[in-house]
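Below is one structure; the comments refer to it alone.
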Amino acid sequence: MKLQPLNKQLADIDVSEIRQFDESVSKIPGILKLTLGEPDFNTPEHVKQAGIEAIQENYSHYTGMVGDPELREAAQHFFKTKYDTDYAADDEILVTVGATEALATAITTISDPGDAMLVPSPIYPGYIPLLTLNHVTPIYMDTSKTNFVLTPALIEATIAAHPDAKIKGIILNYPSNPTGVTYRASEVKAIAATAAEHDLYIICDEIYSELTYGDSHVSMGSYAYDRTFVVNGLSKSHAMTGWRIGFLMGPRVLIAEAKKVHQYLVTAATTIAQRAGIEALTNGQDDAQVMKAAYAKRRDFVYQALLDMGFDVARPDGAFYLFAKIPIELGLDSRQFTQSLATEQKLALISGTAFGPGGEGYIRISYAASMADLKEAVKRLQAFIAAHKAA
Ligand SMILES: Cc1ncc(COP(=O)(O)O)c(C=O)c1O
């Protein structure tokens, strides 16, 4: 049977290295995996209850396409109280299907074929395929020399090095997956000023905003309101990855256009999950605190263990990842390291190469796992290091 060619952009998209590696090592008996970015906590009981009640009360119809008005009100209040942003519930907050749809909608809204987007790297791998589908070229900015923090100097140098590129904006993510690095107010402010100077949009993925271990989160929305799409959601703050509730926030002129993309992609987020979301953002404003306290303990434990083993580790101030530089004396690149560790010690970590340029030489560890698993993981890692140092 002869079929016409499919979308040519798909040739440039592959299943993510994280998923591929995770699936390949899952076959190893007794493998301990610190691979995926998924909270190991369950959704808080009161939020689950609200979901159950929503079903019983027949919340089984579409909401308006921008989302349940009560949820948008709750989101306005939550993000204002927490991060001092002030997006109007009526026309500046869109309820999306997880942060992922918020990202897809934001990228599609600002992209024209032939545009380029600045992307700091190492970076969460979810953005690049969305750019590719929109015929947009990523221009990477390697942050491995600036402690994984994007600086105005790096943005300026990248723009200067690409005089012919039609650069539309910057994608930013903090607290960061994979590095755990987050940004201080002065750093956010400086990036906002640089973006304004070059007339760049900013898509700021703040999905880990409730998981900061030092100062509280500073939103790009409070420094670059006019040109920013803020992406957030309930996946990490309320351990609700499977409920698929996200938020896309921005000035009304941008959200009015994003609404069109959102409508034809998904119509609206799930009504039941939105009802549970109202409970999460009203009576569960501090639900993240318990998880955060546990993550902080785990981070401290793994961070210290890595330092003791001779790893150099980026400033881990947020999210639930550590991005560690493999000791040079082991003579292993990132993929060799993660592959050998999985087969020799049955411990799965992610190669830094899964996160783009600047990731070679690093491994990512997700510490969204029980303390018992983390202790076992450290033991296996120590054994691996000792064996390879002796070799
Ligand atoms: C940086 C980042 N953005 C977005 C997402 C996706 O979030 P959601 O599950 O809400 O779509 C993830 C998930 O791991 C992530 O790490």
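Taking each pair of different alpha-carbon atoms in region 241-391 once, compute 1/r for the pair, average those values, and report the inverse of that mean as the Kirkwood hydrodynamic radius in Å to one decimal. Could the numbers behind the result be given before it?
On the way: mean 1/r = 0.0544 Å⁻¹.
For region 241-391, inverting the mean 1/r across all distinct Cα pairs yields 18.4 Å.
In deg cm²/dmol, rounded to 500, what helix-only [θ] at 222 nm does the chain give when every DSSP H run of at least 4 residues adds -39500 (n - 2.57) and the total is split over its residues?
Values: 12 runs with 160 residues, N = 391.
Mean residue ellipticity at 222 nm (helix-derived): -13000 deg cm²/dmol.
Out of residues 5 or more away from Ala116 or on other chains, whose amide H comes under 5 Å of its own, with H placed 1.01 Å from N in the peptide plane?
HN-HN under 5 Å from Ala116: Thr137, Lys166, Ile167, Lys168.
Starting from the 7 Å offset along Cα-to-Cβ, what nm value, one decimal, do you get for the label separation of Ala391 and Arg335?
1.7 nm
Taking only the Cα atoms of region 235-304, how large is their convex hull per residue, in Å³? Can you show the working numbers first?
On the way: hull volume 9.2 nm³, N = 70.
Taking only Cα atoms, region 235-304 has a hull volume of 132 Å³ per residue.
Size of the dipole of region 96-187 about the Cα centre, Lys and Arg at +1 and Asp and Glu at -1 on the beta carbon, nothing else charged, in debye to 20? Numbers along the way, then the final one.
Values: 4 positive and 7 negative charges, 31 e Å.
With Lys and Arg at +1 and Asp and Glu at -1, about 140 debye.
Roughly how many debye, to the nearest 20, is the charge dipole of the chain about its Cα centre, given +1 on each Lys and Arg Cβ, -1 on each Asp and Glu Cβ, and no other charges? Before the final figure, lay out each step's value.
Details: 34 positive and 46 negative charges, 192 e Å.
My answer is approximately 920 debye.
How far, in nm, would the chain grow between Arg184 and Leu36 when pulled straight, counting 0.36 nm per residue and subtracting the alpha carbon separation? Kindly include the intermediate steps, with their values, before the conclusion.
Working: separation 148, 0.36 × 148 = 53.28 nm, distance 2.64 nm.
Here the segment from Arg184 to Leu36 would lengthen by 50.6 nm.
Can you tell me the accessible area per residue over region 150-192, all protein chains present, probe 1.4 angstrom, in square angstrom? Don't jump to the answer; show the numbers that get you there.
Details: 1590 Å² over 43 residues.
Spelled out: the 1.4 Å probe surface of region 150-192, per residue, equals 37 Å².
What's the extension gain from Glu360 to Asp86 if we count 0.36 nm per residue and subtract their Cα-Cα distance?
Separation in residues times 0.36 nm, less the Cα-Cα distance, equals 94.7 nm.
Could you tell me which residue out of Met220, Ala239, Ile278 lies farthest along the dipole of region 45-282 toward its positive end? Charges go on the beta carbon: Lys and Arg +1, Asp and Glu -1, centred on the Cα centre.
Final value for the positive-end residue is Ala239.
Which of the listed residues, Ile170, Ala192, Leu131, is farthest toward the dipole's positive end in region 45-282, when Lys, Arg count +1 and Asp, Glu count -1 at the beta-carbon?
So the residue furthest toward the plus end is Leu131.
Based on a Kirkwood Rh over C-alpha pairs, give the Stokes-Einstein translational diffusion coefficient of region 321-391 at 25 °C and viscosity 0.890 mPa s in µm²/s. Walk me through the numbers before you get to the answer.
Details: Rh = 12.3 Å.
Once the numbers are plugged in, D ends up at 199 µm²/s.
How big is the C-alpha Rg of region 1-58 next to the rule-of-thumb value 2.2 N^0.38 Å, as a ratio? Walk me through the numbers on the way to the answer.
Details: Rg = 20.2 Å, N = 58, 2.2 N^0.38 = 10.3 Å.
With N residues counted in region 1-58, Rg over 2.2 N^0.38 Å equals 1.97.
What whole-number value in cubic angstrom gives the convex hull volume per residue for the C-alpha atoms of region 1-110?
Numbers: hull volume 29.4 nm³, N = 110.
Enclosed volume per residue, from the Cα hull, is 267 Å³.
List the residues, sorted by chain then number, that are 5 or more residues from Thr96 or on another chain and whose placed amide H is less than 5 Å from its amide H.
It is Gly246, Phe247, Leu248, by chain and number.
Just to confirm the filter: which trypsin sites (Lys or Arg not before Pro) across region 1-57 are DSSP coil and have at most 14 other Cβ within 10 angstrom of their Cβ?
Working: sites: Lys2, Lys8, Arg19, Lys27, Lys33, Lys48; in loops: Lys2, Lys27.
Listed in order of number, the matching sites are Lys2, Lys27.
For region 193-205, just list the computed ³J(HN,Hα) in residue order, Karplus coefficients 6.51, -1.76 and 1.60, θ = phi - 60°, integers in Hz, with x standing in for Gly and Pro.
Once θ is set to phi - 60°, the couplings for region 193-205 become 5, 5, 4, 5, 4, 9, 6, 10, 6, 10, 10, 10, 8 Hz.
Using modelled amide H (1.01 Å from N, peptide plane; none on Pro or chain starts), what sits under 5 Å from the amide H of Thr228, excluding residues fewer than 5 places away?
For Thr228, the qualifying residues are Ile202.
How big is region 45-282 on each of its three principal axes, counting only the C-alpha atoms and giving the largest first in Å?
Principal extents (largest minus smallest coordinate, Cα): 58, 39, 27 Å.
Can you give the accessible area per residue of region 1-119, in Å², using a 1.4 Å probe? Present the calculation step by step, with values, prior to reporting the outcome.
Details: 6650 Å² over 119 residues.
In whole numbers, region 1-119 has 56 Å² accessible per residue.
The values are calculated or read from the model by the stated rules, or taken from the named source; none is laboratory data. Quantities reported herein were computed from a predicted structural model and do not represent experimental measurements. Note: ideal-geometry Cβ built from the backbone for every residue, glycine included; neighbour counts use all protein chains shown. With ligands, DNA and RNA removed, areas are computed over all heavy atoms of the protein, side chains included. Shrake-Rupley method; radii C 1.70, N 1.55, O 1.52, S 1.80 Å.
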